[in-house]
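Undergrad: My questions all concern the structure below.
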């Protein structure tokens, strides 16, 4: 199977956009791009440091520039993982939706918490608390609050796939079936 246009993964941090994206790209013999990694290379520092030193607005500008530049040079057969908040920006959303197939990788809040609780590179989810019960509650609350604000944008995607309780291999297999049916209809 090959895809006639780029495939874009959107969804919350920890949903599997990068790991599923890499695996799908390999399976399709397509190029894989991770916009967060591209922002890190362009800035010469981690996302957490961009937030700390330059602020979220600066990060979002870099992200928008990276996405715009990437879309202008994407090959037809490509898989792109966007950062968790990238699709909320109306310019990014319009560019992505008119440039390929958008897939929302969803995941339960409980599973997102399990995946994200040990990560220290997600600035919007970091807590000032030590690894305490309070930190756990704060992280769960932030995930719930951010998901509530973001899900209406994520649901604009062409396709949706849950990664809760699924292996990357199973997710890729299901996505290949969904993409096949989607392209046959369109």
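Undergrad: Identify which of 160, 137, 173 has the largest mean-square fluctuation in a Gaussian network model of the chain, with springs joining Cα atoms closer than 10 Å.
TA: Highest fluctuation of the listed residues: 137.
Undergrad: Rounded to the nearest 500 deg cm²/dmol, what is the calculated helix-only ellipticity per residue at 222 nm for the chain, with -39500 (n - 2.57) per DSSP H run of length n ≥ 4?
TA: Here the helix-only value at 222 nm equals -17500 deg cm²/dmol.
Undergrad: Right, another one. Just the Cα atoms of the chain: what Rg and Dmax do they give in Å?
TA: 16.3, 51
Undergrad: Could I ask something else about it? What ranking of 38, 97 emerges when the number of other C-beta atoms within 10 Å of each C-beta is taken as an exposure proxy, fewest first?
TA: 97, 38
Undergrad: Using only the Cα atoms of the stretch 1-86, what do you get for the radius of gyration and for Dmax, in Å?
TA: Here Rg and the maximum Cα pair distance are 13.2, 44 Å.
Undergrad: Okay, next question. Roughly how large, in nm² to one decimal, is the mean projection of the convex hull of the alpha-carbon atoms in the stretch 146-186?
TA: 3.5
Undergrad: Identify which of 84, 69, 21 has the largest mean-square fluctuation in a Gaussian network model of the chain, with springs joining Cα atoms closer than 10 Å.
TA: 69
Rule-based calculations on the coordinates, nothing more; no lab input. The structure presented is a predicted model; accordingly, all values stated were derived computationally and were not measured. Here Cβ is always computed from backbone atoms with ideal geometry, including for glycine, and neighbour counts include all displayed protein chains.
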